[in-house]
Each structure stands twice: as C-alpha cells, then as structure tokens.
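Read the structure below first, then the notes.
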Amino acid sequence: MASANSDEPSPAASTVNDDGRSEAEIEARMLELLHQFPKGISNKILDTDMPTVNKQIKVNILNELMSKGKVSMFKAAGTQELFWCLKSHPTSRIKGADNEERVVLGLIEEAGNKGIWTKDIRIKSSLSQATLNKVLKALEGKKVIKFVSSVSAPKIKLYMLFNLQPDRSITGRLWYNNENNEFESELVDLLNHQCFEMLQQQKEIAQQKQNEGPVTVRNSSFLSSKEICQVSSDMKLVKFNLTVEDIETILDALVFEGKVEKSTASDGNCNEKVKMYRSVAQPVPFASITKTPCGVCPVINKCGKVGAIQPKMCKYFNEWE
Ligand code: SF4
C-alpha cells in the first residue's frame, strides 16, 4: 500500500464497500486495530483483518486519519515496510484540563490541518466569547494549539493542533511568497539541494553492496518520491505540508539538470506505479563544455588556420575554464 496523498478526497461516510461495510465502519475497525496494536499496524495486519476491503479505500481512510492528526505513519527500522500508529491524544498531555478546554480541544482536533474559525468553535461549543478567548489563550500557552492566518482571509484566525502543518488551501500557492507574490527561489534551491543530497547518500549506501553485483548496487541507489517526501516532511524544511507531487517537481528539475535519473516501479502492495529517482554521475564536465568561447564567438566565420584570426592566437581560450 502506498503512503497517503493528503490531497485525495476524504471517503464519504455513507459509501458502502464491496464487502458490505460502510467506510465509516471500516474506519472504526481500523481505529480498533490501532488501539489493539499501539506500536503500529502494517499492511499485513490490515490485509489479514479485512482481506476483502479495497486497498485504495484503506489508503483513503488512513490519509483522512493522518490529515486529522489522529494517526502517524513511519517506516520500520531497517526495512521498507510502512506502519501506522495512533498519535497520543492531546488532552492526555494536558494536566488539569477542565471540561471547557477538552470541548474546545476536541473541536480543534476534529478540524485537522484545515483549522477552525473562532466563530465556529463558539457556536459548536456554546461557550461565551469571553470564556472561549480565555480557553484558547490557555491552550495556546500550553502549546497544544496554535493559530494560523489563511491567505484568502488573513484577518481570520484559524486554530489547529500545535504539531500540525497547515493545509495548502491555507498557506496558498506553492513556491510563491503570499505577501509579494515573488518566486521563492531560496526555498526551491534548498529543497533541490536537499533532495540531491538524499540521493547522493543513498548512492553511497548502495556502493557498499558491490559484492552483490552491479544490478543490486544500481537498484539500491533508487529512492521513491514518496520516501523523499516523507524524509523532507520529517525534517520540517518548509512550514506547509509537502505533497509527493511537490517533491516530484523538484526531483524532475534535477532530472532536467542531468544530475538525477528517473524510473518507475510497482509499489509491491498496490497496483499503482511509484516514481523512483537516483543520483547519476555527470558523464562530462557539463559546465565547461557549455562555456566554450567558440560557441558564442562573433568572429567564428573568420577564424581559421590562416588569416588574422586563428585559434592559436585566440585570447578567449586563455580565459576559458
Ligand atoms: S578560436 Fe577564438 S576566435 Fe576562433 S572561433 Fe574560437 S573563440 Fe572565436
């Protein structure tokens, strides 16, 4: 099963799956399993428990749970196997939380990374504005929640759990500064460099498998865009949620630069294809060749073995690096 793409639509609670269960029932069963296996559940556990449930439905439900901040995904040490586990409930981290704080926190948690407006919290909680302000201030002080401003409505405060990254609909266009609409070239350069470094490191790790043959070395040097996205997100290089598609735009730029090779592979658990990338050594000193002075020389038509302009007298060659 592939890692989740948060831009995919959330499952409708009323949808009925092939095995007769609604997606809400499947989600409830998944939550039971997550409680039963606090260290995490894998695809194998899910497939054993619900073999007739469509894999894409399971992915969608796990995506939804992750976007709500209820579940986190991780990779088991030393393997490529993905696991999902429950995140500790924020209320359990608040000592002495009163009922009002629990109600407000529950509403904020439910809103996930899209956040919730103060007005909606007040209506749903039936608290007075003064009480709500006091509760929000207390929760902010405990660093359990935070507020963010939406690019579409900068004056409105949207509250979400402290550890969540705001949804793209809140942060605005990717790679562009929302204030001055300028292209975030430094951010792109940072991600570009980071992605390349990851692939270089993977290549070095793969080189250690020389005794297993060149095919193994080559195959081991690939990383999927999903893996790179996961590591980049964990490193918190950016303040918004990085999607696999975002990372692929960066990786594709590296492919165009000739630094990286792209391939596809089947996911193994799903029938979908995943995009794989590996660092490649540059076959020739690319930059030097492109800087050859003859390529832009205004007198190239007059340059030859005889005459006033000859390569052996050319001063540009001495300046060529
Ligand atoms: S050798 Fe010098 S003068 Fe001749 S074409 Fe090249 S750059 Fe121009």
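The values are calculated or read from the model by the stated rules, or taken from the named source; none is laboratory data. Just so it is clear, the structure is predicted and the values come from calculations on it, not from any experiment. Neighbour counts are summed over all protein chains in view; Cβ atoms, including those assigned to glycine, are modelled from backbone coordinates with ideal geometry. In case anyone asks, the SASA skips ligands and DNA or RNA and just uses the protein heavy atoms, side chains included. Shrake-Rupley method; radii C 1.70, N 1.55, O 1.52, S 1.80 Å.
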Ordering Tyr316, Tyr277 by the accessible surface of their heavy atoms, 1.4 Å probe, largest first, yields Tyr316, Tyr277
Give the Kirkwood hydrodynamic radius (Å, one decimal) of segment 90-171, defined as one over the mean of 1/r across all pairs of different Cα atoms. 12.6 Å
Residue separation times 0.36 nm, minus the C-alpha to C-alpha distance between Ala253 and Lys44: what's the value? 71.7 nm
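Using only alpha carbon pairs under 8 Å that are at least six residues apart, calculate the relative contact order of segment 23-86 and give it in whole percent.
Result for segment 23-86 is 40 percent.
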Within 10 Å, count the other beta carbons around each residue, average over each peptide in 300-313, 198-211, and list them highest first. 198-211, 300-313
Dividing the mean separation of Cα pairs under 8 Å (6+ apart) by the residue count of segment 90-171 yields a relative contact order in percent of 34 percent
With a 1.4 Å probe and every protein chain left in place, tell me how much accessible area Arg278 has, in Å² to the nearest 10. 40 Å²
Using 1/(1 + (r/R0)^6) with R0 = 22 angstrom and r between the beta carbons of Asp234 and Gln200, what's the FRET efficiency to the nearest 0.05? 0.75
At 1.4 Å probe size, with no ligands or nucleic acids counted, give the accessible surface of Met276 in Å², nearest ten. 30 Å²
Please go through the residue pairs Lys75/Lys143; Lys203/Lys239; Lys203/Lys262 and name each one whose alpha carbons sit more than 21 Å apart in this structure. Lys75/Lys143; Lys203/Lys239
Rounded to whole angstrom, the alpha-carbon centroid of segment 98-112 lies from that of segment 114-151 at a distance of 9 Å
Using 0.36 nm times the number of residues separating Thr264 and Phe37, minus their current alpha carbon distance, what extension gain do you get? 78.4 nm
For segment 185-279, how big is the tail of P(r) above 22 Å, as a whole percent of Cα pairs? 28 percent
